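Trainee: Dumping the structure here so I can ask a few things about it.
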Amino acid sequence: MTKNLYLNLLLFISVLLVGFYFTSELNNLWIAHLYHLGIMALAGLILIASEKGKLPKKEKAEFKINKIIGIITGIIGLIAVCNLIPVLASKMAGIDITKHPIIIGLNLMVPILISISIFEEVLFRRVLAQNIKNTLGIRKGIWISAFIFAIAHIYSDTGILPSFIAGIVLAYIYFKTNSIYLNIFAHLFYNITTYYLLAVFRDKDKLELIYNYQTIALLISFGIVLIVGMTKILNKKASRQQRI
């Protein structure tokens, strides 16, 4: 069964990479987006087919206040880490990130952000991560799904490292809550905030407020602390078998 899983994962990755490569070559944003969603749906069907046409089995979802607080804490930390790592890299490389234009306004981007959040969470967490966890355990479910999530963003502006970190955090949230709806909310909150920050980072006056090594390092460190805090909150009252 493990061998079949790895073969399915290889086919899954291949479909995503080939499909996303061709969508990255399209000039029309909306057509590219629709193709992007279609490729994800096709890749998902590959894994679902291995489950005899059904979604992988999962545990009952948990809706608790402390879980929601933990999720919000972790996503704020993730926003800080994943948005400031590229800023730090651009500063070290001497790249002026204020010259990179925003494609469309946030109001027009919202439908895309919503659909991407839904499709990516269903595909990478509910189908992929859950499938891996059911066969290899929760640790590998997090790390392998996060790695594939990062590879799938190779043709995007998100970056592999931020995508890998986001994949770890989002998979962790999913396995600790077993709720795809909370994950979609978390992912959407992250996407909308990140897109808003693009405008901030392209305003030289606003960027100057944080565009020094000390401030960037401090904010990234603060983000890491929040993410660690999220794991503590989500692990609260969990059994030893569930802790990772």
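Trainee: State the three equivalent ellipsoid semi-axes of segment 17-143, derived from the C-alpha gyration tensor as the square roots of 5 times its eigenvalues, in descending order and whole Å.
Mentor: Three semi-axes, in Å: 30, 23, 15.
Trainee: So, by mean Cβ neighbours within 10 angstrom, what's the order for 36-45, 166-175 with the highest one leading?
Mentor: Per-residue mean Cβ counts within 10 Å order the peptides as 166-175, 36-45.
Trainee: Another question about this same structure. Using a probe radius of 1.4 Å on heavy atoms only, what accessible surface per residue do you get for the chain? Whole Å² is fine.
Mentor: 54
Trainee: Taking the Cα atoms of the chain, report the difference between the largest and smallest coordinate on each principal axis, in whole Å and largest first.
Mentor: That works out to 54, 45, 31 Å along the principal axes.
Trainee: If you look at just the Cα atoms of segment 1-79, how large are its Rg and its Dmax in Å?
Mentor: 17.3, 44
Trainee: Here's a follow-up. So for 125, 139, what's the accessible-area order with a 1.4 Å probe, most first?
Mentor: Putting 125, 139 in descending order of accessible area: 139, 125.
Trainee: Here's something else I'd like to know. What value, in deg cm²/dmol to 500, does the helix sum -39500 (n - 2.57) over DSSP H runs of n ≥ 4 give at 222 nm once divided by the residues of the chain?
Mentor: It lands at -24500 deg cm²/dmol.
Trainee: How big is the dipole moment of the chain about its Cα centre under a simple scheme where the beta carbon of each Lys and Arg is +1, that of each Asp and Glu is -1, and everything else is neutral? Debye, nearest 20, please.
Mentor: For the chain, the charge dipole is close to 1320 debye.
Trainee: Please sort 60-68, 152-160 by packing, taking for each peptide the average over its residues of neighbouring beta carbons within 10 angstrom, highest first.
Mentor: Packing order, densest peptide first, comes out as 152-160, 60-68.
Trainee: Same structure again: Which of these, 119, 12, 22, has the largest mean-square fluctuation under a Gaussian network model of the chain (Cα springs below 10 Å)?
Mentor: Residue with maximal mean-square fluctuation among 119, 12, 22: 22.
Trainee: Another question about this same structure. Please give the charge dipole size of segment 1-101, origin at the Cα centre, charges +1 on K and R Cβ atoms and -1 on D and E Cβ atoms. Round to the nearest 20 debye.
Mentor: For segment 1-101, the charge dipole is close to 440 debye.
Trainee: A further question follows. Run the accessible area of the chain with a 1.4 Å probe and give the carbon-and-sulfur part as a rounded percent.
Mentor: Looking at the chain in its full context, I get 68 percent from C and S.
Trainee: If you don't mind, there's one more thing I want to ask. Output the DSSP H helices from the chain with an along-axis C-alpha extent of no less than 27 Å and a mean Kyte-Doolittle hydropathy no less than -1.0.
Mentor: Going by DSSP H runs, the hits are 2-24, 29-50, 65-93, 180-201, 213-235.
Trainee: What does the convex hull of the Cα atoms of segment 114-207 come to per residue, in Å³, rounded to a whole number?
Mentor: 92
Trainee: Moving to a separate point now. Report the calculated FRET efficiency for residue 91 and residue 24 (r = Cβ-Cβ distance, R0 = 25 Å), to the nearest 0.05.
Mentor: Given R0 = 25 Å and the Cβ-Cβ separation, E is 0.45.
The values are calculated or read from the model by the stated rules, or taken from the named source; none is laboratory data. Please read all numbers here as calculations on a predicted model, not as lab measurements. In this analysis, Cβ positions are derived from the backbone assuming ideal geometry, glycine residues included, and neighbour counts consider all displayed protein chains. Just the protein is used for accessible areas: all its heavy atoms, side chains included, with ligands, DNA and RNA removed. Shrake-Rupley method; radii C 1.70, N 1.55, O 1.52, S 1.80 Å.
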